[in-house]
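Q: Let me give you the structure first, and then I'll get to my questions.
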Amino acid sequence: MSLAALIRAMRPHHWLKNGLVFVPVFLNHDVFDPGALLSGAVAFVSFSLIASAIYLLNDVKDIEADRRHPTKCKRPLAAGEITVGQAYAAVPLLLVAAFALSFLVSQPTHFLLALSTYLFLALAYLLFLKRKLLVDVLGLAALHTLRILAGNAAAGVPVSSWLLAFSMFLFLSLALVKRYAELRITQDQSGLKKAGRGYQAEDIEALSQLGMASGCTCALIMALYVDSAAVKQLYRHPELIWLVCPIILYQMARIWFLARRGQMPDDPLVFMISDWRSQLMGLVVVAIMVAATLLP
């Protein structure tokens, strides 16, 4: 067995998405709290191990479909670089390590609940939900939102209904981008269902419209948040957060323009993390939040 191939099958480049567990810590202004940061780091590692176990199971289940796919055929399992038995053997080791680490966070009971819920939903998505029309994208959005809830649970940070609403619409839009990009790659003129999904070729425009509407809703939620009572408790100058709204609109519109041009890779969240323009927009948002907090 090639250890390098097994590690690639675990998709470590997707671990960046688990940085979402730090979002509640940052937004609650606990960035200088060593305990909160340590709990966030443990949560990050636990979710990365859980996610890798799910990726291995997914590749085992979809191995034949992946071999027929123009890009997924390069995955280590589909390419024959590791065996199904080796993938199955790695899964319980990853799960045990993930749950063992979870006892190191400051609120282990709540975090264990979040981690267990994530595992249950991820398995349900893998075995059933991913083949259901629209339920699959709602499931993906919920999986990403659960990472944020796990960050709340690990660090003992109160849950924000504003952050949950924003997250659900943001991740719904990104899940629709993912499905849109996949369908665009595999679509033909037959209108038949593709690769076990519940979508047909003619659904591609509806996915685009729903995804763009979800992205715009994120900006609306942010605009409503600026005038809420909650924001006045955290920021000295909440009116500066208005500047975040056009950035959100720009970012979501750009993601969808790229997807419609066929320039969006498999995972839009990983794309946003590695794309320099998205990184720049993220830094601008952080600067606005810091200014809204610290300016006299």
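Q: For the range 251-275, what are the residues that are exposed (fewer than 13 other Cβ atoms within 10 Å of the Cβ), touching a helix residue (DSSP H, G or I) at 6+ places or on another chain (Cβ under 9 Å) and not small (G, A, S)?
A: Across the range 251-275, the qualifying residue is only Q263.
Q: Kindly indicate whether any position in the range 64-84 is in a helix (DSSP H, G or I), at pLDDT 90 or above and surrounded by fewer than 17 Cβ atoms within 10 Å (Cβ to Cβ).
A: Among the residues of the range 64-84, not one is in a helix (DSSP H, G or I), at pLDDT 90 or above and surrounded by fewer than 17 Cβ atoms within 10 Å (Cβ to Cβ), which makes the answer no.
Q: If you don't mind, there's one more thing I want to ask. With surrounded by fewer than 15 Cβ atoms within 10 Å (Cβ to Cβ), touching a residue at least 24 places away in the same chain (Cβ under 8 Å), of a type in the set (S, T, N, Q) and at negative phi as the only criterion, which of S278, S228 stands out?
A: Values: S278 fails: surrounded by fewer than 15 Cβ atoms within 10 Å (Cβ to Cβ).
Answer to the selection: S228.
Q: While we're on this one: Can V105 be described as surrounded by fewer than 16 Cβ atoms within 10 Å (Cβ to Cβ), β-branched (V, I, T) and touching a residue at least 24 places away in the same chain (Cβ under 8 Å)? Walk me through it before giving the result.
A: Working: surrounded by fewer than 16 Cβ atoms within 10 Å (Cβ to Cβ): no; β-branched (V, I, T): yes; touching a residue at least 24 places away in the same chain (Cβ under 8 Å): yes.
Criteria not met by V105.
The values are calculated or read from the model by the stated rules, or taken from the named source; none is laboratory data. Treat the numbers as computed from the prediction; the structure is a model and nothing was measured. Neighbour counts run over all protein chains shown; Cβ positions are idealised from the backbone, glycine included.
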